[in-house]
1. Test of understanding: ordering PHE200, PHE107, PHE129 by Cβ neighbours within 10 Å, fewest first, what list do you get?
2. How large is the translational diffusion coefficient of the range 297-377 in µm² per second when you combine the Kirkwood radius over alpha carbon pairs with Stokes-Einstein at 10 °C and 1.306 mPa s?
3. Size of the dipole of the range 97-166 about the Cα centre, Lys and Arg at +1 and Asp and Glu at -1 on the beta carbon, nothing else charged, in debye to 20?
4. How would you order 253-259, 328-334 from highest to lowest mean count of nearby Cβ atoms within 10 Å?
5. In the chain, what % of DSSP beta bridges are antiparallel (nearest 5)?
6. What FRET efficiency, computed as 1/(1 + (r/R0)^6) with R0 = 45 Å and r the Cβ-Cβ distance, is obtained for ASP393 and HIS113, rounded to the nearest 0.05?
7. At R0 = 60 Å, how high is the FRET efficiency between GLU194 and ASN62 if r is their beta carbon distance? Nearest 0.05 is fine.
8. Label ASP357 and LYS162 with points 7 Å out from Cα along Cα→Cβ: what is the distance between them in nm?
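The numbers here are math on the coordinates, done by the rules we state, and not lab data. Keep in mind that this is a model prediction, so the values were computed, not measured. Here the Cβ positions follow ideal geometry from the backbone for every residue, glycine too, while neighbour counts run over all protein chains shown.
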Amino acid sequence: MGINVLIIGSGGREHAIAWKLSQSPKLKKLWVLPGNAGIEDYAETVDIKETDINAICKFVENNTIDLTIVGPEIPLAAGITDTLNHQGFRVVGPTKAAAQLETSKSFAKKIMHENNIPTAHSETFTDAFLAKEYIHKLESLVVIKADGLAAGKGVTVCDNSKEAEAAIEKILIKKAYGDAGTKILVEERMFGRETSAHAFTDGISVKHMPFSCDHKPVYDNNLGPNTGGMGVYSPPLWLSDEIRKDIEQNITERIIKSMAQNKTPYTGILYPGLMITKTGPRVVEFNARFGDPETEVLLPKLETDLLEIFDAIGDKRLSEIEVEWNNNASVGVILASGGYPDSYEIGKRIHGLDNIDSNVQIFMSGVKSDENNSLYTAGGRVLCLVASGSSIDEARELAYSNVNRISFEGMHYRTDIGSAS
Ligand code: AMP
Ligand code: GLY
């Protein structure tokens, strides 16, 4: 028989999902929409925009897709899951109402507050004058956040009130993030190390994934503006079992239970971003999907058939599945276009990919191929190079010795991924 699967998205995350699903004996045919040049090795790519819900639904119907996997948050925010479910199709990804955990930071704060889940204190504003007045009354440093989706860039961690004022103006007055910034959150700044938790859920049962750590600022030593993520390592050895369990039970499982009780059951992948502060773990944000580049590092560690997990989520029988992971340490390094996360040029020829060690994986995001199959840059984050080993040091060494063989004009990357593991 076999299962027909559609993945929505075009990043390294979707490349990693496609790579993993392509190994499943249960797979009949795999499509990725819109996909990218790297994904073409595993799946048929489809030229439909990930926001074109009507066209996606028609495609699902015409190709008898059994299961649709939603990679990014934008189609979730547009209600892709609701529309497909309504037509009787199975989806891995939350409904529009449940995805608000990511798409509305004020919604997430409310749920956390109701469930006693530790997070930074925050206030919401639509008026720049009142927001500025508020920060001047505070003693602590603040973080300014656009309420809606801003591709991971709507957050400014401020070192002083001048920076906070500039961020308030950028969002509320200059409308740098459009409608995503009609509301802002002024949040207490937390201090500590960050980690990403990920879990599969069918709304009832929860299967936790290994913890991983992203590096969001663009430059080494966490300097410069935030990006979508410049590299990941897993596992973080500095995270104790006790804190891990605390996060799994008192944050991830509690939020999923509460969503079910509120009649907005949450299904798919839940990814809480956390800061481990002196007073314990606190939520920085929730994401309604797999992280990118976390996925590129997590999926090579998964021993269980990913399609079996997704199929069980689709049928709401995740409790029947044993999910197993290997103990490898992994490091993923993002190679980005010159200028990213600000403006950057694309169309630069990528060299050296045929020179990579066979035990290293490349997951592509902003990459296009021409008629001769030569590869060119087509986005800010271009590719993620992932290496594994028996320790993070070993994985890091292997990763960077291969990074040095790849080049394109303007290429930049962090040289310290995993060095504080
Ligand atoms: P977010 O998009 O909410 O995950 O924020 C992006 C990044 O900004 C996080 O990964 C943190 O590094 C930082 N950040 C967000 N909120 C806070 C906070 N309240 N205190 C300190 N850093 C924060
Ligand atoms: N790695 C950050 C994110 O996916 O939001």
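1. PHE129, PHE107, PHE200
2. Numbers: Rh = 16.2 Å.
For the chosen part, D equals 98 µm²/s.
3. On the way: 8 positive and 10 negative charges, 28 e Å.
Around 140 debye, computed over the range 97-166.
4. Working: 253-259: 19.4, 328-334: 27.0.
In descending order of packing, they fall as 328-334, 253-259.
5. Working: 57 of 74 bridges.
Rounded to the nearest five, the antiparallel share is 75 percent.
6. Values: r = 41 Å, r/R0 = 0.91.
According to the calculation, E is roughly 0.65.
7. Working: r = 43 Å, r/R0 = 0.71.
Efficiency, from the Cβ-Cβ distance: 0.90.
8. So the label points at ASP357 and LYS162 sit 4.7 nm apart.
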